[in-house]
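Some notes on the structure that comes next.
The values are calculated or read from the model by the stated rules, or taken from the named source; none is laboratory data. This structure is a prediction, so every number in the text was calculated from the model and none was measured. Ideal geometry is used to build each Cβ from the backbone, glycine not excepted, and the neighbour counts take in all protein chains shown. We work out accessible area using only protein heavy atoms, side chains counted, and drop any ligands, DNA or RNA first. Shrake-Rupley method; radii C 1.70, N 1.55, O 1.52, S 1.80 Å.
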Amino acid sequence: MSALVESPAWQALVEHAATARDLSLRTLFDADADRFAHFSLAAGPLFIDCSKHLVTARTRELLVALARQQGMDSAIADLFGGVRLNHTERRPALHTALRDRSGQPVMLDGRDVMPDVRSVLARMRRFSDGVRDGALRGLGGEPFDAVVNIGIGGSDLGPQMVVEALRAHVRPDLKVRFVSNVDDTHLVESLRGLDPARTLFLVSSKTFTTQETMTNAASARRWLVSGLRDERAVATHFAAISTNLEATAAFGIAPDRVFEFWDWVGGRYSLWSAIGLPIAIAVGMDRFESLLGGAHAMDRHFRTAPLETNAPVLLGLLGVWYRNFLGCATQAVLPYEQYLHRLPAYLQQLDMESNGKRTDRSGRPVDYDTGPVVWGEPGTNGQHAFFQLLHQGTQMVPADFILAARGAHDLEGHHDILLANCIAQSQALAFGKTEAEAGAEMIRNGIDPAEADRLAPYRAFPGNRPSTTIVMDSLTPEALGALIALFEHRVFVQATLWNINPFDQWGVELGKQLAGTVLASLRAGTPAANLDGSTRGLIDRVGRNT
Ligand code: F6P
């Protein structure tokens, strides 16, 4: 057994969980008239209701004891202090420095990184202002009216999610598109209707070697050069965001169009760096800086709040409670905010690429579950699709509801319906409806008692299905920044509890490596003899010579 599973704090939770399985949210609310106040908290611009969780004050105590046992305070200090927590790549994870607004130095290996961070931010401001006000123009002197970001994973999901979230602030005359998939459909459809003379490409890639991004960037360059009939267009119509300055130069991108970031920024933690350039161009640098400010407010909270009232710590502990002690395999993210429609996809990478690990920090296989499957869709759409399973299926799925008290628009009768549905869903999940209640309700509605009796089992809801509700006043850049940082830190908290490294991603490598062999076989028109039968068969089936 691992030291974690054997540890006193873990074993105390195992014992406690045996009784917690019988907890009833109805009973817990009946027993404590102030449960909402006792189990909710504020963090920066966010209000977080945790009262609909299957926990008591004792559960919280035991979970916090687990955090303490696992060295949470010093792990948080190490994160902000630039310790090389990403031990397999020997790198720190200092994304918090990118949004540090304190004016204090952030030291790494005896050097303050903040002057570099500020200098790139200043360049981003000049460049994004220039694109927005027309001072920067294409080869033929025309202003840009389209920005196409080419990147994948963290170089796509973060900036895309934020641009979508802040779409109400995107200039209507500016088309902002994101191309990630190597499927040429993505590039072809994204370029449809664009004028090369007015199109700016941002090639976003930490490594500048990612196959999909480099393939798309090469095709975009061909599209541009053939449209403008001039090789020099590359220097004016392309910018790059990368840590690999040699590769950006080899691609032909002018040095003053390259925005640098650093190997201490992980791909899925990079939207705060120059990877956020499409955000700055889309909504303006002031709003991008407000986003950083919101994240910094959450960082301050995470760094200074006691474990008992620390929002990322408590949310991380709740995740571990459900994953390891109550057997939940998945976590739903349900934004009741259409502008957050890309948030679940973004969180999938953040959480699953970080905590989808089976080897602990000392290289041993874990004997406990780690990261859950994260999934979701905006409400109310999900209600008419998968909520059936959430309410009456056989598995318990903890859910994060996210809502803004004030809507972005004011069409009569919309926002209150949205809010009502969100609140009602968490209520239905928590408190359910007994068979007796379902039967009585049908009889009240004039249904024959025998029929009511027959249908009651189908129309009953078990309840006791847990959820968090995160409320912001409105979806401002500050609130969004705080929300993203909250989730980033929740992932870190869980990795700390599980004793795994959330900052590497070796699990993506094997597929990339094998794709090289398969591609060689496809291009040769014949499968390599040493491949397995299925791979050979598939290559034959889809290959050019079939
Ligand atoms: O393949 C996974 C990954 O390395 C992610 O971690 C990363 O966000 C993405 O690919 C893109 O990498 P890059 O920014 O280097 O192109």
Chain lengthening between ALA31 and ARG303 when straightened (0.36 nm per residue, less Cα-Cα): 94.6 nm
Segment 343-391 shape via C-alpha gyration tensor axes, a/c threshold 1.5: oblate
Per residue accessible area of the chain, 1.4 Å probe, in Å²: 44 Å²
GLU89 paired with ALA520, simple spin-label distance in nm, labels 7 Å along Cα-to-beta-carbon: 2.6 nm
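Sorted by accessible area with a 1.4 angstrom probe, largest first, how do ARG132, ARG536, ARG229 fall?
ARG229, ARG536, ARG132
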Tensor-based shape of segment 168-242 (alpha-carbon gyration tensor, a/c under 1.5 rounded, otherwise prolate or oblate): rounded
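For the ranges 44-56, 76-88, what's the packing order if you count other beta-carbon atoms within 10 Å of each residue, average per peptide, and put the highest first?
Top to bottom by mean Cβ count within 10 Å: 44-56, 76-88.
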Ordering of 385-396, 207-218, 266-277 by burial proxy (mean other Cβ atoms within 10 Å per residue, highest first): 266-277, 207-218, 385-396
Whole-number D in µm²/s for the chain (Stokes-Einstein; Kirkwood sum over Cα pairs; 37 °C, 0.692 mPa s): 129 µm²/s
Estimated [θ] at 222 nm from DSSP helical runs (n ≥ 4, -39500 (n - 2.57)) normalised by residues in the chain, nearest 500: -14000 deg cm²/dmol
Cα centroid of segment 1-67 to Cα centroid of segment 488-546, whole Å: 40 Å
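What does the highest-first list of 470-483, 189-202, 110-123, 167-180 look like by mean Cβ count within 10 Å?
470-483, 189-202, 167-180, 110-123
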Span from the segment 180-242 Cα centroid across to the segment 266-332 one, whole angstrom: 31 Å
Cut-off under 5 Å, modelled amide H: who pairs with LYS175 long-range: ALA146, VAL147
Under the Karplus curve 6.51 cos²θ - 1.76 cosθ + 1.60, θ = phi - 60°, whole-Hz ³J(HN,Hα) for segment 198-204, x wherever Gly or Pro sits: 10, 10, 10, 9, 10, 9, 10
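Per the 1.4 Å probe, what fraction of the accessible area of the chain, in percent, lies on carbon and sulfur atoms?
The computed percentage sits at 52.
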Pairwise FRET efficiency - VAL5 versus ARG222, Cβ, R0 = 45 Å, nearest 0.05: 0.20
Among ALA93, GLY71, ILE48 - extreme Cα towards positive end, dipole of segment 47-119, charges at beta-carbon: ILE48
